[in-house]
Amino acid sequence: MRSDIDIAQECQKKPIEEIARKIGLSRDDIISYGPYMAKVPLSLSDRLKDNPDGKLILVTAMTPTPMGEGKTTTTIGLGQALQLIGKKTIMAIREPSLGPCFGLKGGAAGGGYSQVLPMEDINLHFTGDLHAVTIAHNLLSAVIDNHLHQKNEPELHPRRVVWKRVMDMNDRSLRSIIVGLERAGINGVMREDGFEITAASEVMAVLCLAKDITDLKERLGRIIVGYDSMRKPVLARDLGVHGAMAVLLKNAINPNLVQSMEGTPVFVHGGPFANIAHGCNTLIATRMALKLADYVITEAGFGADLGAEKFFDIKCRIGGLNPAASVLVVTKRAFELHGIENVLKHVENIRQFNIPVIISINRFADDTDEALLHIKKVCAENGVEAVITDYRESGSAGGPELAEKLVEMCKKPGLIKFIYDTESPVVEKIETVAKKIYGASGLELTTAAKKDISQIEKLGYGNLPICIAKTPASLTDNPKIPGRPTDFVITVTNAKVSAGAGFAVVYTGEIMTMPGLPKKPAAMEIDLDENGEIVGLF
């Protein structure tokens, strides 16, 4: 099987101006980043506001294996297939994080003949959006420590600072650190701190959920950085730095336009993880795509218990989106690990939001027809339609049947139904997601979690949507339990308010916001050859 990077480097890319013309944009409407990448200015939204919205289709998955089941490949392949059958289509996906690129999972630009191009640039530094998020976040971190050192007003208790630092790399050694060491206070106030990965930053969530520049700045100002001695929250705007943070994000807020292997336009913008954040691309890119195309294919991270639930309950609620259909990616290896009951639970999860769903059985190179037909048969016997697709090896030709069926499904979209009322108590919202989406029998709250939730409600943030951080490897909070378990409880360890993003984050099990590297990181295979070409990236 040929590698993704070999296939990508042999593809003849089209000039980005040609891709822009496919969605009705001229050269003057885009800001080029070289011949094959561009940003589309947010200001264009005003010109597009009267355009009718296209149909929004979500790609999600069953509970995945550690290597992933090919949601992005399916998203890109499906978009190409819709283009093949004559539909004006845009894919709207997340930007890759350098952490997985150099870690275990690899990049996030699709695979084989269903990739976004230029694959190397997108998987690495791209247009600098993740770097902008990183530096905007860390500017606030630096101002916080300077605020403590200078003893500025308002008072901020050094042991009640909740804002950590971030970097776009997996590095478990930085999860917990001490700052301000040595030289009797000259290096600042000594306190405990730590790093999270950039995708987990609230600044990333703010960027992904902001509606425009004004909303971005207001959301940045609402970020809680810590508390004073009376446990009153101290906000980023109290430190006077949210304007400077917005300046650092002034280019990052503009969606990135690239192309697929077959020249289908793709927006790649924003990159939060669905296990520790809300896991969707930016609202701005999705809305813009809906104004520019008849069909918009987007994705949400990991299984439907994480990315899809947050896409519906957070992104669609905040952004007023109404998806027309959903695709559930199933693979032979995940099916063998988790079984049909896991697939059916994810189908049930999507249908609870009143969204129709169809299964895409994503073929891998060593899968046999017999095994895939068996999965299709079992799905049909349980009342859910499935289509075998081979987008990696065949591009658009690997699944026009799925595209045709989705067009029919999208003709009569219903209205999305959220599974909880935001005005419900926080614990009730958590319990609703745990029972309805995970299949849990109940919750167990640690003493710290009870205290955190009580504080959230006391401060007036109890009416926010909830974003549950949980392992993607299981419907439970234990990554070692496969399938569709029953009679289990979800342990809530702690919670916090992401007031800028507009949700409350609830942590379960032993979830980490700074991943570690595997025994043999992908970085060990990535290199630059004598011609300056990147090799080993996948």
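Could you state the angle between the C-alpha long axis of helix 71-84 and the longest principal axis of the C-alpha atoms of the chain, as a value from 0 to 90 degrees rounded to the nearest 10?
40 degrees
Can you tell which of 330, 318, 274 lies farthest toward the positive end of the dipole of the range 239-375, using +1 and -1 charges on the Cβ of basic and acidic side chains (Lys, Arg; Asp, Glu)?
Result: 318.
For the range 261-412, what is the percent of antiparallel DSSP beta bridges, rounded to the nearest 5?
Here the share of antiparallel DSSP bridges comes out near 10 percent.
For the chain, take the longest principal axis of its alpha carbons; what is the angle in degrees between that and the long axis of helix 129-150, to the nearest 10 within 0 to 90?
The helix 129-150 is inclined about 10 degrees to the chain.
Determine, for each peptide in 179-190, 435-446, 353-364, the mean count of other beta carbons within 10 angstrom over its residues, then list the peptides with the highest first.
The peptides rank, most packed first, as 353-364, 435-446, 179-190.
Taking the Cβ of residue 243 as the centre, find all other residues whose Cβ is under 15 Å away and add up their charges (Lys, Arg: +1; Asp, Glu: -1).
Net local charge, residue 243 excluded: +2.
Could you work out how far helix 400-409 tilts from the main Cα principal axis of the chain, as a 0 to 90 degree angle to the nearest 10?
70 degrees
Would you please classify the overall shape of the range 163-212 from the alpha carbon gyration tensor, given that a ≥ b ≥ c denote the square roots of the eigenvalues, rounded means a/c under 1.5, and beyond that prolate means a/b larger than b/c while oblate covers the rest?
oblate
With r defined as the distance between the Cβ atoms of residue 215 and residue 160 and R0 fixed at 30 Å, what FRET efficiency is calculated, to the nearest 0.05?
0.60
By DSSP, what percent of the beta bridges with both residues in the chain are antiparallel, rounded to the nearest 5?
In the chain, approximately 40 percent of DSSP beta bridges are antiparallel ones.
Taking H placed 1.01 Å from N in the peptide plane, check which residues at least 5 places from residue 469 or on another chain put their amide H under 5 Å from its amide H.
506, 507, 508
Where in the range 436-459 is the amide nitrogen less than 12 Å from a point lying 7 Å along the Cα-to-Cβ axis of residue 489?
Counting only backbone N, you get 441-447.
Looking only at Cα atoms, what is the convex hull volume of the chain per residue, in Å³?
Given the Cα convex hull of the chain, per-residue volume reads 147 Å³.
Residue farthest toward the positive end of the dipole of the chain, with Cβ of Lys/Arg at +1 and Asp/Glu at -1: which of 263, 359, 77?
Farthest along the dipole direction, towards plus: 359.
Normalised by the residues of the range 426-508, what does the relative contact order come to in percent, with Cα pairs under 8 Å and at least six apart?
Computed over the range 426-508, the figure is 35 percent.
Taking the Cα centre of the chain as origin, work out the dipole magnitude from +1 charges on Lys and Arg Cβ and -1 charges on Asp and Glu Cβ, in debye rounded to 20.
So the dipole magnitude of the chain works out to roughly 1360 debye.
Rounded if a/c is under 1.5, else prolate if a/b is larger than b/c, else oblate: which is the range 426-508, with a ≥ b ≥ c the root eigenvalues of its Cα gyration tensor?
Verdict is prolate for the range 426-508.
Under the Karplus relation 6.51 cos²θ - 1.76 cosθ + 1.60, θ = phi - 60°, what is the ordered set of whole-Hz ³J(HN,Hα) values for the range 449-454, x standing for Gly and Pro?
5, 4, 5, 4, 5, 4
By a straight-distance test (C-alpha under 20 Å), which aspartates and glutamates pair with residue 436 as possible cross-link partners, with residues fewer than eight away in the same chain excluded?
Cα-Cα hits under 20 Å: 305, 309, 313, 341, 348, 421, 423, 428, 444, 477, 487.
Largest first and to the nearest Å, give the Cα extent of the range 130-248 along each principal axis.
44, 33, 23
Set Lys and Arg Cβ to +1 and Asp and Glu Cβ to -1, take the dipole of the range 195-252 about its Cα centre, and tell me which of 200, 233, 245 lies farthest positive.
Farthest along the dipole direction, towards plus: 233.
Just so you know, all these numbers are worked out from the coordinates, no wet-lab data involved. Please read all numbers here as calculations on a predicted model, not as lab measurements. Note: ideal-geometry Cβ built from the backbone for every residue, glycine included; neighbour counts use all protein chains shown.
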